[in-house]
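Notes follow the structure.
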Amino acid sequence: VQLERVDITKLATDSTRAFREAYHREVRCDASGPIWAISDESKLKQLLFILLDNARKYSEDAIEVKLESQGEQCRIRIVDTGIGMRQEDLEKVFDRFYQVDVSRTRSGSASGSGLGLSLAKELAGAVGAQIELTSTEGVGTEACIILPRSKSDSRGNSLS
Ligand code: ATP
C-alpha cells in the first residue's frame, strides 16, 4: 500500500454525511480544521465504515465521531451508547466469525457474519493504524483508530 497524506477531518465529515443519508441515523462529527494523517484514503474510509456500521447495529441513539491530534498521533473515535460488550467478549471480537450472542441485538436476528472487525484489523494493519476498543456492557462502546500524524502541513512528497 502506498501511503499518502489524508485529511481525516474531511474524510470523517464526508463519511458521516454519507452514512447519515444512507441510514437516517444521527451521526455527529465534531470537525473543525484539517488534521493530516499518513494513511490510505480508501482503506481508511472502509475501516471507518465498518466501525460506524457496528455502532449503528448495536446502539439506537446518536453516534459521535470525534477527531483529535496529539503529538505524533491523531485519532478518530467512534462512540456509541449502545449495548456494549463484556470484557471477555472484547478480547475475541477481532477473531474471524466471532459474534457475541446475536439474540442480544435489537432485532434479535443475526446481522452480519462476524467478519467486520477482523477485516477492520487487517485494514488497520495495511495502513499503519491501530484500533482500540473499549466497552462497558449496557453503557456503550468506543472504537478508536490511531494513526501516525503527518508532520508537514505543506503539500509535497515528504511523508515523514
Ligand atoms: P459483520 O461481519 O457484518 O461486521 P458483526 O457485526 O457480527 O458482523 P463484527 O463487526 O466482527 O461482526 O463484530 C463482532 C461482534 O462484536 C458483533 O457480533 C457484536 O456482538 C460485537 N460488537 C461489535 N461492535 C460492537 C458495538 N459497537 N457495540 C456492541 N457490540 C459490538
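The values are calculated or read from the model by the stated rules, or taken from the named source; none is laboratory data. Computed from a prediction, not measured in an experiment: that's the story for all the values here. Virtual Cβ from ideal backbone geometry, glycine too; neighbours counted across all protein chains shown.
Details
- Conditions (1) outside any loop (DSSP other than H, G, I, E, B); (2) modelled with pLDDT under 95; (3) surrounded by 13 or more Cβ atoms within 10 Å (Cβ to Cβ): number failed by S103: (3)
- Filtered residue count, the range 49-62, keeping only those that are touching a residue at least 40 places away in the same chain (Cβ under 8 Å) and either farther than 19 Å from T136 by Cα or not small (G, A, S) (or both): 7
- Selection within the range 127-141 - at pLDDT 95 or above and either assigned to a helix (DSSP H, G or I) or touching a Leu at 6+ places or on another chain (Cβ under 7 Å) (or both): A129, L133, S135, T141
- Filter pass, E64 being part of a strand (DSSP E or B) and either within 16 Å of the ligand (Cβ to nearest atom) or touching a Ser or Thr at 6+ places or on another chain (Cβ under 6 Å) (or both): yes
- G82, sole failed condition from (1) more than 8 Å from the ligand (Cβ to nearest atom); (2) in contact with a Phe, Trp or Tyr (Cβ under 8 Å, 6 or more places away or on another chain): (1)
- Verdict on A22 being within 13 Å of the chain's Cα centre (by Cα), under 20 Å from V79 (Cβ atoms), of a type in the set (G, A, S) and assigned to a helix (DSSP H, G or I): no
- Residue match in the range 66-88 (condition: free of Cβ contacts under 8 Å to residues at least 40 places away in the same chain and touching a helix residue (DSSP H, G or I) at 6+ places or on another chain (Cβ under 8 Å)): no
- One residue alone among E64, E68 is surrounded by fewer than 17 Cβ atoms within 10 Å (Cβ to Cβ), out of contact with any His (no Cβ under 7 Å at 6 or more places or on another chain) and of a type in the set (D, E), and that residue is E68.
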